[in-house]
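> I'd like to ask some things about the structure below.
The values are calculated or read from the model by the stated rules, or taken from the named source; none is laboratory data. All figures in this text were calculated on a predicted structure; none of them were measured in a lab. Glycine gets a Cβ as well: all are built from the backbone with ideal geometry, and neighbour counts include every protein chain shown.
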Amino acid sequence: MECVMDHIVLNVTDEAKMVEFYAQVLELAPERLDAYRAGQVPFPSIRLNPNTVIDLFPQRLWAKSGPAGAGYANLNHFCIALDKNAWDALLQRLEAQGVAIEDGPVSRWGAHGTGTSIYFRDPEGNLIEARYYEGRDTAQPCLLGS
């Protein structure tokens with residue numbers, strides 16, 4: 001079976017800070033932000049690519065879900081693939097914004113074989129892996145830097 005990632009859900013405590021991070025540092029487009037702020041939809045989203053969004057669930061949507069205390073930390077990490085130029089530009093933005101690289105650059109295996117990855121966290125501690133595959137145009141899977 002083959003499929004595409006539809007969405008990732010991040011439980012968040014500060015939606016505004018998270019939207020700002022994903023929009024400014026990762027240069028991803030917010031979606032439904034005005035409708036969320038107007039109370040018309042329950043959460044905002046960030047567009048990762050034509051097929052995938054990151055939904056930002058505010059605390060009222062996750063605080064009472066699952067076993068006691070299990071609602072918040074529900075994600076180990078997610079990985080975004082970029083072309084080498086976009087990856088380099090992201091590295092520069094992370095440095096300019098004071099975002100620490102926790103690991104990398106390191107060689108890691110993924111959906112398209114072995115690539116070069118860095119790991120960093122968003123403002124609420126979610127671990128993000130950003131990678132490029134040498135010789136592969138991965139600009140289409142993720143619109144970072146486009």
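> Which pairs do you get when a residue that is free of Cβ contacts under 8 Å to residues at least 24 places away in the same chain, found in the range 23-34, comes within reach of a residue that is assigned to a helix (DSSP H, G or I), reach meaning Cβ atoms under 7 angstrom, with the pair 6+ apart or on two chains?
Listed pairs, sorted by first residue: PRO30/VAL19; PRO30/ALA23; LEU33/VAL19.
> Also: Residue by residue through the range 108-122, note down the ones that are surrounded by 15 or more Cβ atoms within 10 Å (Cβ to Cβ) and either free of Cβ contacts under 8 Å to residues at least 24 places away in the same chain or in a strand (DSSP E or B) (or both).
Listed by number, the residues that qualify are ARG108, GLY115, THR116, SER117, ILE118, TYR119, PHE120, ARG121.
> So which residues in the range 82-115 are over 17 Å from the mean Cα position of the chain (by Cα) and of a type in the set (Val, Ile, Thr), if there are any at all?
Across the range 82-115, the qualifying residues are VAL106, THR114.
> Would you please name the residue that is modelled with the lowest pLDDT, looking only at residues in the range 41-61 that are over 14 Å from the mean Cα position of the chain (by Cα) and under 19 Å from GLY125 (Cβ atoms)?
Top of the filtered list is LEU61.
> Residue check, LEU91 against (1) under 25 Å from GLU15 (Cβ atoms); (2) hydrophobic (A, V, I, L, M, F, W, C); (3) at pLDDT 95 or above, all met but one. Which one?
(1)
> Restricting attention to the range 20-40, which residues are in a loop (DSSP other than H, G, I, E, B) and either modelled with pLDDT under 90 or surrounded by 13 or more Cβ atoms within 10 Å (Cβ to Cβ) (or both)?
VAL25, LEU26, GLU27, LEU28, ARG32
> Take LYS64 and decide whether it is more than 17 Å from the chain's Cα centre (by Cα) and modelled with pLDDT under 90.
For LYS64, the condition - more than 17 Å from the chain's Cα centre (by Cα) and modelled with pLDDT under 90 - is met.
> In addition: For GLY125, work out the one condition from (1) under 18 Å from ALA23 (Cα atoms); (2) modelled with pLDDT of 95 or more; (3) loosely packed, with under 15 Cβ neighbours inside 10 Å; (4) not charged (D, E, K, R) it doesn't fulfil.
(2)
> Moving to a separate point now. Scan the range 99-107 and give yes if some residue there is outside any strand (DSSP E or B), surrounded by 14 or more Cβ atoms within 10 Å (Cβ to Cβ) and modelled with pLDDT of 95 or more, otherwise no.
Yes, the conditions are met somewhere in the range 99-107.
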